Structure formats: structure tokens, C-alpha cells
Amino acid sequence: MTANAQRKATRRRRFLIIAAVLLAASPFVAWYAARFLIVKADVQSPDAIVVLSGSSTYVERAAWAAQLYREGRAPLIVLTNDGLISGWDHLEERNPYYYELSTRRLEQQGVPADRIQVAPGQALGTYEESLLVRDYATAHNLKRLLIVTSGYHSRRALWSMRRACEGSGIEVGIYSAPPGWQTPSPWAWWRKRWGWKIVGGEYVKMIYYWVKY
């Protein structure tokens with residue numbers, strides 16, 4: 001074998017080794033990318049659990065909020081309204097809003113109707129939603145809020161809420177619904193197209209929020 005052929009063979013082996021290492025490491029990199037988005041911040045004796053809007057994940061958010069309520073974490077649940085409507089309901093003969101579906105789910109899972117409130121106004125995005133929640137909390141003298149959202153949304157949601165509440169005296173914590181209900185697990189998100197939309201898209205949104213707000 002000539003020296004040139006040996007060099008080519010060595011480069012080929014190095015390339016194959018590097019490719020194999022990257023391929024083996026990719027699931028762990030993907031897991032870390034997903035886990036980085038999930039944050040938890042506790043708040044002592046919250047005055048209310050705030051469930052952020054999310055039409056594609058309202059089931060897991062409502063179920064998680066109901067569980068926290070049953071555990072006695074807070075005496076009140078506050079919903080927001082993003083203005084989105086669901087499919088046709090044959091019983092009501094109309095298209096209910098998703099916040100109405102969340103309300104229904106909460107009541108089915110043991111939350112009394114008088115313990116569920118809806119913050120006025122329409123949430124057009126997470127930061128605008130945070131402003132609505134801040135204004136509602138200020139008007140009702142709620143000083144400690146526990147935010148419920150989907151796991152991959154939690155880092156941006158916590159940032160937005162704390163940003164919106166700066167100087168208001170409102171303390172914000174977050175306890176998101178674990179992935180795997182209506183969102184993919186951290187180990188498997190990258191295998192599906194919608195996983196890239198949920199996890200990959202969240203990084204794009206975070207950068208946009210940091211620049212804009």
C-alpha cells in the first residue's frame with residue numbers, strides 16, 4: 001500500500017470513528033436539549049395555581065393543576081384565555097373555547113367550580129399572557145403564584161412571568177406537567193416531526209423572547 005493510500009485509509013477510519021461517536025452520543029445530546037427546557041421553581045404556600053393556555057396540551061395541564069389542587073397546594077386555580085376554540089360540541093351545539101374545556105376537565109377531576117377563575121383579557125402570547133396574570137393577581141391581592149404549563153414550555157414561561165412581575169411584589173414559582181402525556185419524552189422527541197416542532201421550536205421562541213422583551 002502506498003503512503004498516499006495509507007493516509008486515505010487513516011482519514012477514512014477517523015471519519016468513521018467520529019461518525020460512530022456522534023451517532024452514539026446523539027440520543028444523550030437530544031435528551032439534554034429537552035431537559036434544559038424543563039425547570040421547576042417552588043413557591044411557599046401559593047395563593048393560586050395559574051394554568052397557562054395551550055390548546056394542544058390543555059389536557060395534561062388541567063390534569064396536573066387538578067392534582068396539585070387536590071394535594072392542597074393552593075386554594076384557587078386561575079385560567080387564561082388565548083381565544084382559541086375547539087371542535088364542534090354536539091351537546092352544546094357550538095365550538096367551546098379551550099379554556100372552557102380546561103374548566104370542564106378541572107371540575108371532572110375534583111376542583112369545585114367556585115375555585116376556578118378566568119383572568120380577563122385575551123392571551124396572545126406567553127409574555128402578554130404573563131401581563132394578564134400579573135394584572136389579575138394585583139387586582140385580587142395574590143402575592144404568590146404557582147404556574148402550571150407543559151414541561152418544554154416551562155423555562156420560557158417562568159422567564160416571562162418573572163419578567164412581567166418585576167417590581168410588583170408577586171412571587172412566581174413553576175411546576176410543569178411531566179412530559180409524556182401530550183408531549184414526547186426527552187428521550188424520544190427527536191424521532192418525530194412534532195417533537196422537533198415542540199422542542200426545537202421552543203429554542204427559537206426563547207431567543208426571540210430574550211431579544212424582544
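The values are calculated or read from the model by the stated rules, or taken from the named source; none is laboratory data. Computed from a prediction, not measured in an experiment: that's the story for all the values here. As a convention, Cβ positions derive from the backbone with ideal geometry for all residues, glycine included, and neighbour counts pool all protein chains shown. SASA here: full protein model, heavy atoms, side chains in, ligands and nucleic acids out. Shrake-Rupley method; radii C 1.70, N 1.55, O 1.52, S 1.80 Å.
Spin-label pair residue 28-residue 91: with each label point 7 Å from Cα along the Cα-Cβ axis, the two points sit 5.0 nm from one another. Entry note, region 60-160: relative contact order of 30 percent, from Cα contacts under 8 Å with a spacing of 6+ residues.
For the chain, the membrane-span-like helix rule (DSSP H, alpha carbon extent of at least 27 Å along the helix axis, mean Kyte-Doolittle at least -0.5) picks out 3-37; this says nothing about an actual membrane. Ligands, DNA and RNA left out, the 1.4 Å accessible surface of the chain is 57% carbon and sulfur atoms.
Taking 0.36 nm per residue of separation and subtracting the Cα-Cα distance, full extension of the segment from residue 56 to residue 192 would add 47.4 nm.
With a 1.4 Å probe rolled over the protein heavy atoms of all chains, the accessible area of 90, 140, 153 falls in the order 90, 140, 153, largest first.
Packing, as the average of other Cβ atoms within 10 Å across residues, places the peptides 58-70, 157-169 in the order 58-70, 157-169, highest first.
Sequence-distant contacts, meaning Cα pairs under 8 Å at least 6 residues apart, place the relative contact order of the chain at 26 percent.
Counting only protein heavy atoms and using a 1.4 Å probe, the accessible area of residue 212 comes to about 110 Å².
Shown here is the pair-distance distribution of the chain: with all Cα-Cα distances grouped in 5 Å bins from zero up to the longest one, the shares run 1, 7, 13, 16, 17, 13, 9, 6, 4, 3, 3, 2, 2, 2, 1, 1, 0 percent.
What FRET efficiency comes out for residue 124 versus residue 40 if R0 is 30 angstrom and r is the Cβ-Cβ distance? Round to the nearest 0.05. Calculated transfer efficiency: 0.70.
Applying 0.36 nm per residue to the separation of residue 182 and residue 140 and subtracting their alpha-carbon distance, the gain on full extension is 11.9 nm. Rolling a 1.4 Å sphere over the protein heavy atoms, what is the accessible area per residue of region 62-213, to the nearest Å²? With the other protein chains kept in place, region 62-213 gives 52 Å² per residue. Highest mean first, the peptides 75-86, 114-125 sorted by other C-beta atoms within 10 Å per residue fall in the order 75-86, 114-125.
The distance between label points at residue 208 and residue 71 comes to 3.2 nm (points 7 Å beyond Cα on the Cα→Cβ vector). Over the residues of the chain, the helix contribution to mean residue ellipticity at 222 nm works out to -15000 deg cm²/dmol, using -39500 (n - 2.57) for each DSSP H run of at least 4.
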